[in-house]
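Take a look at the structure below.
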Amino acid sequence: MYRFASALLKTHTPAAVLLCTLITMIMATPAAYGQFLNDSIPHNLPEVVVTAPTPREVIPGQKLSGPQLQNLSTFSVADAIRYFSGVQIKDYGGIGGVKTINVRSMGTNHMGIFYNGVQLGNAQNGQIDLGRFSLDNVEEISLYNGQKSNIFQGAKDYGSAGTVYITTKYPTFEEDKKYNLRVGLKGGSFGLISPSVTWEQRLPLGFSMSATTELTSSHGRYPFRYKRIFQDGTVAYDTTAVRENGDITALRAELALYHTLPEGAWDLHGYYYRSNRGLPGPIVKNVFEHGQRLHDESYFVQSKYNQRVTDHYRLKVNAKYANDYTRYIDNEWTSPIYVDNRYLQHELYASIANLFELWDWLKFNFAVDYQLNIMQANLINFSQPTRNTVLTALAAEAKWRWFTLQVSGLGTFVRDHVKMNESAPKKDIFTPAVVLSVKPFEHEEFFIEAFYKDIFRMPTFNDLYYTFIGNATLRPEYATQYNLGLRYAIAPNTSWLSALELKLDTYYNKVTDKIVAVPAGNMFRWMMLNLGKVDIKGLELTANALAQPTKDLSLSGQVSYTYQDARDVTNEKDKNYKHQIVYIPRHSGSVIASADYKSWGMNYSFIYTGERFNAKYNDDNSRMLPWYTHDLSFRKVFRFDHRYSLRVSLDINNLLNQHYDVVLNYPMPGRNYKMTLLFKM
């Protein structure tokens, strides 16, 4: 941390000195800022209800939270996000396999992933492995296309084509309790064992604390089917084998401190993750065993502060320091050389957002963010880049009884510096967005929703400076998004149907200057270029329902369907012109159904992914067959008195034992089982 702050101070700018002073004050003396308003989500318990005012979103995002999230047969955040419409998860298989998200065919690098309100960063390649984040301590996952339509947020929140917000559990206590304890144990197929402990403690003077740790271990071996059929229908080979080198040992630890005051709250959150995993590699030419290994060690410390200063002004301050170490080892027997690459990233981030509530119908937000990224590596002739990014956002919201309009503009100013080789030129970019919601009928929860947004993604350090393939002259990859949707919700008071929401969205995305890798002489030397143009048209349908036919029986369900037409329109002379882009299915969908009767419960989930292509040129050789999975979960809660409970659940995933690939030649597990014990006191 000292070396990182020193690098910032060596710039000798007043802004740098002010920033370091601000961060020190936030970390050291949060109470000095006074009282503020907690913007966390409401938390409901049978014994007590804790609420916090949350501004209504103009266009609500897709959400999984509370019991619905807990009841899914999922292990990580990536597994749960698969049930959102418009989402593709690139999954390389197994518990330890890397999992990244792609929404509406925009690409992983256009997604912003936020953990407790602060964005997770990876300046090296721009991708966040969602498989690293367990659901053990997660309260809610939400997904927004375009941007979150709540203007009181930092400038980074405006800076992505889509955002995912992961919110961990907030400590809540019964009136006569000073602590909560949760002890969990997961075990199942592929040698999985995962114990976890969470301790929540009420402290004096309005403070509370939460500490959680989880260990995950799995040998990762599972049987799979390896089959190849020629274009004429002849079977080239059809065999079964065992997936090797998919083991993982991972440790996660989190410590959080919260302070709630009459006018708000402050929190400080620390996160540590360490893993040692095998990378099973692709199954190509009957090679079933691979020798690649990946070691990760990362931690971050972040603080959030939110205060109502006056009746017309609110202040929000975020700060974060992150350190990420990655070691990639390739001792594959088929590889001509031994590889041992080590990467170290530092990130410093600070944000100030100011909300001016001039009248009940008119609000303004002005936000300024600063981010510093430093990357080091043991690669020969590595550029050792440093990136300074300043983001400024100005947003306004006008709200009437039947009409809400938000307008925002984001200015992004990027300066890179390198110790060797060529540095990328400076980037100064302005991108606007407009969000609109119309409620034409006063007594009906029917909404017409639309948004327009221009956005871009900066080339990553790998794109610009990676040895042999970097290109310092790359331009940012731009995207324009259009969305028009209808949403209808009912909540009848006299019917057994408690709630029903129907939503339809149509969208058009246009990507230009798409960054692609092309061979430069041989397969071991590539170059990054701005070549691509992509047109994306799509439709999403979602239905959610809650019902309580009897006092003891409650039912819930969610159905989603997505149609995507994502075509490469780079060059009319290319043979793949107007072909569907790689790995994007035209049709996909999911179903979630849950039933609870007294202390018993059952959950069913279904995921369908239609025909895709694994190459830019769509033909029979690149066509991948559709796949679908059925998952079942059974649960029972044993209550010993009002203080102690034991939750036992059994999950059966991929019930029909379907063999499929999400990514070509990376086979996924067949039928597998998991049992979870969760003790609370």
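The values are calculated or read from the model by the stated rules, or taken from the named source; none is laboratory data. Just so it is clear, the structure is predicted and the values come from calculations on it, not from any experiment. Here the Cβ positions follow ideal geometry from the backbone for every residue, glycine too, while neighbour counts run over all protein chains shown. Surface accessibility is based on the protein's heavy atoms, side chains included, excluding ligands, DNA and RNA. Shrake-Rupley method; radii C 1.70, N 1.55, O 1.52, S 1.80 Å.
Any residue that is open to solvent by 40 Å² or more (accessible area, probe 1.4 Å) and either of a type in the set (K, R) or farther than 25 Å from R671 by Cα (or both) - is there at least one of those in the stretch 600-612? Within the stretch 600-612 (the criterion being open to solvent by 40 Å² or more (accessible area, probe 1.4 Å) and either of a type in the set (K, R) or farther than 25 Å from R671 by Cα (or both)), the answer is no, since none of the residues qualifies.
Please indicate, with yes or no, whether at least one residue in the stretch 103-110 is outside any strand (DSSP E or B), of a type in the set (K, R) and at pLDDT 90 or above. The answer is yes; a qualifying residue exists.
So, in the stretch 441-487, exactly how many residues are over 25 Å from N145 (Cβ atoms) and touching a Pro at 6+ places or on another chain (Cβ under 6 Å)? Total satisfying the criteria: 3. Comparison of L315, L344 shows that the only residue that is among the aliphatic types (A, V, I, L, M), open to solvent by 20 Å² or more (accessible area, probe 1.4 Å) and more than 28 Å from F152 (Cα to Cα) is L344. Here is the figure for the stretch 260-281: residues that are assigned to a strand (DSSP E or B), modelled with pLDDT under 85 and either open to solvent by 30 Å² or more (accessible area, probe 1.4 Å) or in contact with a His (Cβ under 6 Å, 6 or more places away or on another chain) (or both) total 1.
Looking only at residues of the stretch 190-201 that are over 25 Å from the mean Cα position of the chain (by Cα) and at pLDDT 95 or above, we find that the one that is nearest to R252 (Cα to Cα) is W199. Within the stretch 570-610, the residues that satisfy the criterion of being over 16 Å from D79 (Cβ atoms) and of a type in the set (F, W, Y) are Y577, Y583, Y597, W600.
Evaluating V648 against the criteria (1) more than 30 Å from K177 (Cα to Cα); (2) at pLDDT 95 or above; (3) open to solvent by less than 50 Å² (accessible area, probe 1.4 Å) leaves one unmet condition, (1). T168 - would you say it is more than 20 Å from the chain's Cα centre (by Cα), over 23 Å from Q371 (Cα atoms) and β-branched (V, I, T)? So T168 fails the test. Within the stretch 59-115, the set of residues being open to solvent by 20 Å² or more (accessible area, probe 1.4 Å) and among the hydroxyl-bearing types (S, T, Y) comprises S65, Y92, T108.
When the residues of the stretch 522-553 are filtered to those that are modelled with pLDDT under 90 and hydrophobic (A, V, I, L, M, F, W, C), the one that is surrounded by the fewest Cβ atoms within 10 Å (Cβ to Cβ) is M523. Pairs meeting the criteria (first residue in the stretch 407-435 and open to solvent by 20 Å² or more (accessible area, probe 1.4 Å), second residue among the aromatic types (F, W, Y) and not in a strand (DSSP E or B), beta carbons under 8 Å, at least 6 apart or on different chains) are V418/Y465; M420/F382; N421/Y465.
Restricting S149, S142 to residues that are over 27 Å from R277 (Cβ atoms), open to solvent by less than 10 Å² (accessible area, probe 1.4 Å) and in a strand (DSSP E or B) narrows the list to S142.
Total residues in the stretch 564-584 satisfying the condition of being touching a Gly at 6+ places or on another chain (Cβ under 6 Å) and either of a type in the set (D, E) or at pLDDT 95 or above (or both): the figure is 1. For the stretch 365-387, the tally of residues that are touching a residue at least 60 places away in the same chain (Cβ under 8 Å) and either under 30 Å from S437 (Cβ atoms) or crowded, with 16+ Cβ neighbours inside 10 Å (or both) stands at 15. Checking every residue in the stretch 623-639 against the condition of being among the small types (G, A, S), closer than 30 Å to Y226 by Cα and surrounded by 18 or more Cβ atoms within 10 Å (Cβ to Cβ) gives at least one match. Condition test on N331, is it open to solvent by 20 Å² or more (accessible area, probe 1.4 Å) and at pLDDT below 95? Criteria met by N331.
In the stretch 282-311, the residues that are farther than 19 Å from Y272 by Cβ and open to solvent by 40 Å² or more (accessible area, probe 1.4 Å) form Cβ pairs under 9 Å with partners that are polar (S, T, N, Q) and not in a strand (DSSP E or B), at six or more places apart or across chains, as follows: P282/N665; V284/N665; E289/N245; R293/N245; R293/N331; R308/Q35. For the stretch 111-139, a residue qualifies if it is within 22 Å of N71 (Cα to Cα) and either at pLDDT 90 or above or outside any strand (DSSP E or B) (or both), and the qualifying residues are Y115, N116, L130, G131, R132, F133, L135, D136, N137, V138, E139.
For the stretch 615-622, the criterion of being surrounded by 18 or more Cβ atoms within 10 Å (Cβ to Cβ), more than 25 Å from L678 (Cβ to Cβ), among the hydrophobic types (A, V, I, L, M, F, W, C) and touching a residue at least 24 places away in the same chain (Cβ under 8 Å) is satisfied by no residue at all. Considering only residues in the stretch 230-259 that are surrounded by fewer than 20 Cβ atoms within 10 Å (Cβ to Cβ) and among the β-branched types (V, I, T), the one that is farthest from M209 (Cα to Cα) turns out to be T234. Comparison of K419, K399 shows that the only residue that is over 24 Å from the mean Cα position of the chain (by Cα) and either of a type in the set (S, T, Y) or more than 30 Å from D340 (Cβ to Cβ) (or both) is K399. When you check T392 against the structure, is it open to solvent by less than 60 Å² (accessible area, probe 1.4 Å), over 30 Å from G278 (Cα atoms) and of a type in the set (V, I, T), yes or no? Here the answer is yes, as T392 does meet what is asked. Taken across the stretch 554-565, residues that are among the β-branched types (V, I, T), open to solvent by 40 Å² or more (accessible area, probe 1.4 Å) and within 28 Å of the chain's Cα centre (by Cα) do occur, with at least one present. Taking the numbered list (1) in contact with a Lys or Arg (Cβ under 6 Å, 6 or more places away or on another chain); (2) within 25 Å of L655 (Cβ to Cβ); (3) open to solvent by 10 Å² or more (accessible area, probe 1.4 Å) in turn, D596 passes all entries but (1).
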